[in-house]
Structures are given as structure tokens and as C-alpha cells.
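A.B. asks: My questions will all concern the structure given below.
A short reminder: the numbers here are calculations on the coordinates, not readings from a lab. This structure is a prediction, so every number in the text was calculated from the model and none was measured. A quick note on method: Cβ atoms are made from the backbone with ideal geometry, for glycine too, and the neighbour counts reach across all protein chains shown.
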């Protein structure tokens with residue numbers, strides 16, 4: 001290849017460019033793509049596989065407007081409880097986050113909360129930032145005390161820099177087989193704005209008003225209330241629509257930091273560029289969310305479920321999620337079996353308003369159910385469609401105008417093997 | 001052994017006698033234990049494994065008071081729609097039911113309803129019973145037309161008799177590895193009353209106001225409205241509390257026939273013996289329900305989850321069901337891993353009102369979580385407890401007075417293998 005640096009155009013995966021909004025371009029760098037952010041990771045022995053990065057840090061040059069969405073679990077981790085408290089007391093501002101992987105710091109009682117606070121304070125000291133502006137996340141095994149000596153040592157040794165986005169992505173993963181990162185660039189008031197993020201998650205995935213860990217940065221300026229509104233909406237149509245195994249986690253967290261370094265007028269709901277910012281943010285969250293089931297524990301293929309013409313948005317969402325959350329359908333996917341009876345059963349159970357005699361189902365573009373009964377279709381072609389790396393499940397309810405998309409994966413022996421002996 | 005017929009006491013499995021109510025004795029015979037019922041099966045080629053029984057029939061000597069509970073699925077099978085219609089038009093009366101296994105008669109459009117009606121009429125002709133009194137059930141693959149020539153031939157050749165209960169139990173199963181049957185005897189107004197039933201089901205199990213196929217008979221006399229009320233309550237605390245894989249089926253059905261041959265005053269809510277009848281019925285439904293996850297597809301062990309001291313009945317039920325419906329906890333069970341973090345996560349997600357800092361969890365009688373944090377316990381003993389054929393998961397929320405029990409199983413490679421190529 002004769003690419004020179006000047007004319008090099010990176011080849012982005014198709015999923016990264018799919019439905020890329022007008023005016024939005026892909027760039028490299030993840031959480032450090034935006035100006036004014038530094039990040040890094042270190043290995044301090046929290047994970048049982050010694051040597052794997054298990055502590056990561058992200059810090060902005062100044063105070064950011066910040067927004068977060070968290071698990072709605074009634075057994076949320078101590079770090080989630082602490083972050084909610086901090087974001088509320090600062091009125092939506094933050095400057096850094098420290099994350100450990102390998103230990104969830106959940107179900108550790110008062111000691112768990114003390115350890116989360118201490119972790120935040122150690123990071124604040126190291127970075128020279130006010131502790132109230134340092135958020136904390138943990139992910140890993142539930143019910144074991146955070147090894148604070150290791151955390152202390154990790155924070156002392158970690159180094160952050162403005163190209164540390166990929167390292168940060170590496171430091172936050174657990175059973176993931178790869179990192180999950182994207183960044184984009186667009187223009188507001190003639191100023192170049194960047195927005196990028198990384199997520200982790202492969203099991204215990206069925207977020208609800210929340211998600212697994214995800215960190216997004218932007219150098220756009222934005223009002224905190226607006227930022228929170230945009231983030232909540234984007235998460236609702238992305239992370240809240242993925243499923244690996246129907247299990248909501250105790251530690252689900254999405255954080256968005258806006259440094260304002262780009263110098264635009266702070267965005268709010270009436271800004272002329274609000275729609276562009278929202279479409280860029282939604283591109284990032286949708287891509288990152290989809291990466292989770294694509295890397296689902298043991299998954300051999302992933303599914304994109306689209307439910308069209310539902311009577312309400314809620315019906316569309318319930319129907320789409322029910323399909324991704326049906327283990328018996330996930331098994332059929334694993335066997336490349338176009339057993340659409342499992343989709344019919346999932347729809348029937350979903351709670352969505354539907355008419356069995358009106359619905360159509362297509363698998364990989366092949367119409368298998370028409371008006372609620374078997375369509376005439378080529379079994380071999382349907383089986384081949386089910387054998388692809390991505391399976392499109394399209395349901396048309398013919399009852400209204402609402403659409404929802406959900407993303408999931410198949411269910412294989414690998415999922416069981418991963419989770420049969422997780423705490424060993 | 002020197003047992004003679006006269007002093008022979010059958011050895012019932014422990015689960016059959018567990019919590020047996022006072023005044024209730026176990027007997028043999030299943031759906032033909034009660035007087036006035038005949039049953040049988042035949043093989044007519046509906047199942048792909050030729051030679052396996054796939055058509056079963058149950059008939060009473062006269063018209064019975066009858067009650068039913070059915071799937072709440074929005075894609076219910078044609079047979080479920082027909083039975084609902086029949087029970088409603090007869091005001092809770094029926095005399096027979098014909099059941100096929102191997103084909104669900106679901107998602108077959110108008111033809112499916114015509115076939116269900118025809119199946120009922122053929123059975124009515126054969127038995128000399130009014131067609132309005134003959135119910136129909138189907139279970140098996142969704143979306144394939146019922147092979148009516150085979151059904152016709154099967155109904156022509158089937159024979160029913162008063163000891164055909166075990167044959168009936170054999171004729172209704174699909175992926176079950178064994179039949180699931182119980183019968184009991186008790187006394188009302190000095191008259192011996194019998195009540196017995198059989199159920200089927202091993203996958204696609206997460207009933208909601210409904211269940212898999214189950215047939216119960218009694219020779220007690222009872223008013224239809226009372227019978228329906230008793231059945232609904234019993235089903236709610238039994239079949240509605242089991243889970244194999246979180247999938248509600250399109251064909252779930254429980255039917256209860258009361259022949260009145262015992263000659264007691266028809267039971268209603270104010271009868272002196274109503275409590276005894278209810279406790280006997282609940283023993284039967286609980287035993288049969290528990291048999292389903294115990295024989296769950298691929299299951300190697302089963303779990304009994306008890307949630308105590310919940311603020312409301314609904315909280316207790318939600319919390320208990322969430323644990324049985326957590327694939328990631330089911331995997332831990334498969335690996336004998338006392339990974340109670342999965343139970344914490346399931347409780348947090350359940351939607352039940354709870355206080356993380358108050359709850360206790362015991363696995364196989366070993367307290368592993370006390371007031372929301374790890375208790376001091378012997379890892380080896382906890383692991384051994386998780387390796388038993390039955391694992392007791394006991395949760396105490398310390399928030400109220402309500403208790404609920406739910407039953408489930410583990411998740412193994414066998415479940416995936418069963419469902420990866422189900423329609424082949």
C-alpha cells in the first residue's frame with residue numbers, strides 16, 4: 001500500500017459508518033478525541049489475571065458540564081450511589097472519573113461507600129482536582145471488598161495523556177473480548193467539535209434507563225440540563241435497547257463530559273446546532289451500544305431487531321426487546337435455525353399491543369410470516385440468512401406508525417462456560 | 001421384599017409428599033384416579049419421531065363442571081382461543097379433551113381455527129359427546145398446519161379406559177424426559193373424593209396467569225364459578241411461579257374437570273370442605289408445576305426460591321421469579337458456583353421493593369449474605385450445597401410479612417443443544 005500520512009483515510013468498520021448523520025465525520029481517539037481530555041490505564045492486580053489493565057482514569061483540563069445515567073437496580077453498587085450524589089450536588093459538573101475493572105464494589109455495605117469515596121479522593125489528589133468533581137466507577141465481581149492497597153498503588157502509578165483514549169478503553173473491560181470505541185467530529189458556529197466514547201460490557205446486559213459502563217467526552221460547550229436531556233434520550237434509544245442475557249447490572253453507568261474547549265456558545269435546547277449535536281451523540285451511543293451484544297459473552301452472531309408500524313412507541317420497544325431477550329430464540333440463532341415460531345412466542349409474551357393475524361416477520365430480508373401465518377419461502381435461503389454474522393429480524397405489526405430497534409446476540413455454550421465458574 | 005398386594009404401600013418421591021396437607025393421601029392413577037373418567041393415547045405420526053404417542057384423550061362419563069386458565073400471550077394458539085370460547089359459551093362445563101403433541105397449531109390463521117374445530121368434532125363423534133363439550137389442546141412446533149389426516153386416523157384408533165391416566169400423561173409430552181403425574185384422595189361429607197392430574201413442559205416456560213398443558217380431574221361435585229376461582233388461585237401460586245427460560249408459551253393451558261361422581265353437595269366458597277378441597281388442589285398444582293423445571297430442558301438441578309418478609313405479595317413474587325429467571329444465575333448453578341452476586345443483581349432488577357442493606361441470602365441453608373454484605377461462610381460447604389440436585393435459595397427482605405415461592409432450574413449446554421435445531 002502506498003498510503004502516505006497526508007492522504008491516509010482510515011477504513012472504518014461498516015457498523016461505525018452505518019446511518020452516519022450528515023455533517024458528522026468519524027475520527028480516531030475515543031475519549032481523548034475531543035480537545036482538553038487526557039486518559040490512561042494501569043494494571044494493579046485487581047483482576048485475577050495479573051498484568052491485565054484494571055484501573056483507568058479520564059480527566060479534563062478544566063471543569064466540565066457533565067451528565068450521567070445509571071442503573072435503576074435496587075441493589076446498585078456503591079460507586080453508582082456516590083456518582084448520583086456527586087452529580088446532583090455539583091448541579092451537573094465534573095472533571096474526572098476513575099474506573100476499576102475486576103471488582104464491582106457492590107454489596108459491601110458502609111465499607112463499600114467508604115472505599116468508593118476514598119478512591120475518588122486518591123484520584124483527586126493525584127490529579128490536583130477538587131474531590132467533588134471526581135466520579136468513580138467499578139465493574140466486576142459483586143460482594144468482595146475493593147482491595148484498597150492495590151487501588152492506591154494503581155492511582156499512584158497511572159499516567160494520563162491526550163492520546164490515552166485507547167488505553168482507557170482497555171482499562172475498563174472485563175469479559176469483553178475487545179474494546180468498544182468511536183469518535184466523531186462536526187462543526188458548530190464554524191468551530192470544530194469532537195465527541196467520542198468507549199463502553200464495556202458483554203454479560204449481565206439488559207439495561208433499563210441505564211447501561212453498562214460508558215464514558216463519552218466532547219469539547220463542545222453545553223448547559224448541564226441540556227446535556228442531561230440529550231444523554232437520557234440517546235441512552236434510551238441505544239443502551240436501553242440492547243440485550244445479551246436479560247440481566248440488568250448493579251453497576252450500569254453512562255457519563256458524558258463536555259469540556260467547552262471548542263469555544264462554541266454553550267448548547268441548549270434552542271441552539272441552532274442542537275439537532276446536529278444530538279444526532280452526533282446518538283450516532284456514538286448507538287454504535288457503542290450495538291458493540292455490546294456483538295461482543296456478547298459466547299456470542300457467535302448478533303441480531304438487529306426492527307419493529308415497525310406499532311401503535312405506540314412503548315409497544316414497538318416492548319416487542320423489539322422481547323425478541324432480543326428470548327433465550328429460546330437466541331438458541332435457534334446459534335443453530336442457524338429460522339425457527340420463527342420462537343419470534344411469534346416472544347412477541348405474544350412481550351406485552352405489546354398487536355394483532356396476531358396482521359403481523360409480518362422477515363429474517364435476513366426473507367419474509368417468513370405474512371399476516372400471522374407461514375409465508376412461502378425458501379428454507380435453504382432462510383437457513384443461510386440465519387448463518388450470517390448479523391441477522392436482521394424485521395417485524396411489521398401493521399397497526400400504527402411507531403418504530404423501534406433493539407440489538408442482541410445468540411446464546412451458545414460459551415455463555416454458559418463463561419458464567420458457570422465466574423467467581424473461581 | 002415380601003410385600004403382598006394388601007399391605008403394599010407405594011413409595012412416593014419425597015417431592016410428592018412434601019407439605020402434603022392434613023387429610024389428603026396420595027393415590028395412583030393421574031387423570032383417571034377420580035371416578036368417572038377414562039383416558040388413553042395413540043401414535044399417529046404427528047411427531048417427527050414416529051411411534052411416539054402424540055394424541056391423547058380424556059373423557060368423563062357425564063357432563064362436568066370445568067374450569068380453565070390459559071396463556072395471556074397475544075399470539076395464543078388456535079386451540080387456546082377455541083377452548084376459551086367453548087368454556088365461556090357452556091358457562092363452565094365440559095366432558096372431554098383431545099390433545100395432540102408435536103404441533104402447536106399456532107400461527108396457522110383461519111385454517112388453524114378450522115382444524116381445531118374439526119379435531120374437536122371428530123373426538124365428539126368418536127366419544128358420542130356433544131361437540132360443544134369437547135375441548136382441544138395442541139403443543140409442539142409453531143407455524144405448521146396440523147396434519148388432519150393423521151389426527152383423523154389417530155382419533156379413529158385411540159382407545160380410552162378407566163386406567164388410562166398414565167397413557168394420557170405419555171401422550172401429551174414433547175421434550176419432557178418423563179411424565180409428570182400426581183393424584184390424591186380425601187373425604188368430603190363422608191364420601192371419598194379423588195383429584196389427580198398430569199402436566200407437560202420442559203422449555204419455553206415462564207407462565208403468566210397460565211401455564212403449559214395440564215389436565216386435572218376430580219370426582220368431587222363443585223359449582224363451576226367456585227371451581228374456576230379455586231383453579232385460578234392455585235395456578236397463580238404454582239404454575240405461574242415456575243421458570244425454565246423466561247419464555248411464555250402460546251399454548252399454555254390448565255383444565256380442571258369435576259365429574260361430581262363422588263356424590264357430595266356441590267362445593268362452593270361457603271362449603272365446610274372448601275378449604276380441604278383447595279388445599280388438595282393446591283398440593284396437586286404445586287407438585288406438577290415443580291416437576292416442570294425439575295425436568296427443564298438440559299437441566300442438571302433445580303432450585304426452590306423462597307422470598308420472605310416482603311412488603312407486599314407482589315414484591316415477594318417479583319423477587320422470587322427474578323431469581324429463577326436470571327440466566328446468569330442459572331449458569332452459576334450449572335457450575336455449582338455459589339456466586340450470590342448474581343442473586344443480588346437479579347433482586348435489584350426485579351422491580352420488587354427492597355432495601356439492599358437489610359436483605360439476607362442463604363444458599364442450601366448456608367447464610368452467604370447478611371444485611372446486604374458477604375456473611376462469614378465456608379466456601380467449600382457453599383459449593384457443596386450448590387452441587388445438590390435441589391438448591392434452596394432463601395431470601396429474607398426483612399421489610400414485611402409476605403412470602404412467595406418460585407421454582408426453576410439451571411442453564412446448561414443441553415438447553416442450547418435442544419433449542420438450536422428444534423425445527424430440523
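A.B. asks: Taking every DSSP beta bridge that has both residues in region B:302-420, what percent is antiparallel when rounded to the nearest 5?
C.D. replies: On the way: 16 of 23 bridges.
Close to 70 percent.
A.B. asks: Could you work out how far apart the two model spin labels at residue B:417 and residue A:49 are, taking each label as a point 7 Å from the Cα in the direction of the beta carbon, and quote it in nm?
C.D. replies: In this crude label model, residue B:417 to residue A:49 measures out at 2.8 nm.
A.B. asks: Taking neighbour Cβ counts within 10 Å as the exposure measure, how do B:20, B:256 sort from fewest upward?
C.D. replies: Working: B:20 16, B:256 28.
In increasing order of surrounding Cβ atoms, one gets B:20, B:256.
A.B. asks: Within 10 Å of each Cβ of B:104-116, how many other protein chain Cβ atoms are there on average?
C.D. replies: Working: counts 3, 0, 7, 14, 3, 7, 3, 1, 2, 0, 0, 0, 0.
What the average comes to for B:104-116 is 3.
A.B. asks: Rounded, prolate or oblate, given the Cα gyration tensor of region B:114-181, with a/c below 1.5 counting as rounded? The partial results should precede the final answer.
C.D. replies: On the way: a/c = 1.93, a/b = 1.14, b/c = 1.70.
Oblate is the answer for region B:114-181, as a/c is 1.5 or above yet b/c matches or exceeds a/b.
A.B. asks: A further question on this structure: Return the percentage of antiparallel bridges among DSSP beta bridges fully within chain B, rounded to the nearest 5 %. Let's see the in-between values first.
C.D. replies: Working: 54 of 76 bridges.
Taking every DSSP beta bridge within chain B, about 70 percent pair in antiparallel fashion.
A.B. asks: Between residue A:178 and residue B:72, take the C-beta separation as r, use R0 = 30 Å, and let me know the FRET efficiency to the nearest 0.05.
C.D. replies: Working: r = 41 Å, r/R0 = 1.36.
It comes out at approximately 0.15.
A.B. asks: Let me know the mean shielding of B:349-355 by other chains, meaning the per-residue number of their Cβ atoms within 10 Å of its Cβ. List each step's numbers first, then the result.
C.D. replies: On the way: counts 13, 4, 5, 1, 1, 2, 2.
Mean shielding count: 4.
A.B. asks: Also, quick follow-up: Quick one: give the max-minus-min coordinate of the C-alpha atoms of the protein assembly as shown along each principal axis, largest first, in Å.
C.D. replies: 89, 59, 46
A.B. asks: Let me ask something else about it. Name the shape class, rounded, prolate or oblate, that the alpha-carbon gyration tensor gives for region A:76-170, where a ≥ b ≥ c are the square roots of its eigenvalues, rounded holds for a/c under 1.5, and otherwise prolate holds if a/b is larger than b/c and oblate otherwise. Let's see the in-between values first.
C.D. replies: On the way: a/c = 1.59, a/b = 1.14, b/c = 1.39.
It comes out oblate by the Cα gyration axes.
A.B. asks: Hey, any idea what Rg/Rh is for chain B, computing Rh the Kirkwood way over Cα pairs? Spell out each step's value before the answer.
C.D. replies: Details: Rg = 21.7 Å, Rh = 22.0 Å.
Rg divided by Rh gives 0.99.
A.B. asks: Continuing with this model, one more query. For B:349, A:74, what ranking results if the residue with the fewest other Cβ atoms within 10 Å of its Cβ goes first?
C.D. replies: A:74, B:349
A.B. asks: Please work out the FRET efficiency for the pair residue A:314 and residue B:355, using the Cβ-Cβ distance as r and a Förster radius of 35 Å; give the result to the nearest 0.05.
C.D. replies: The value I calculate is 0.75.
A.B. asks: Please report, in whole Å, how far the alpha carbons of region A:302-420 spread along each principal axis, starting with the longest.
C.D. replies: Extents along the principal axes, in whole Å: 41, 32, 19.
A.B. asks: If you don't mind, another one. Once the piece of chain linking residue A:145 and residue A:20 is laid out straight, how much longer is it, given 0.36 nm per residue of separation minus the C-alpha distance between them? Mind dumping the intermediate values first?
C.D. replies: Numbers: separation 125, 0.36 × 125 = 45.00 nm, distance 4.27 nm.
Extra length from residue A:145 to residue A:20 when fully extended: 40.7 nm.
A.B. asks: Using the number of other C-beta atoms within 10 angstrom as an exposure proxy, rank B:215, B:377, B:226, B:12 with the fewest first.
C.D. replies: With the fewest neighbours first, B:215, B:377, B:226, B:12 line up as B:12, B:377, B:226, B:215.
A.B. asks: Also, I was wondering about something else. Give the average, rounded to an integer, of partner chain Cβ atoms located within 10 angstrom of each Cβ in A:335-343.
C.D. replies: Per residue, the number of nearby Cβ atoms from other chains is 6 on average.
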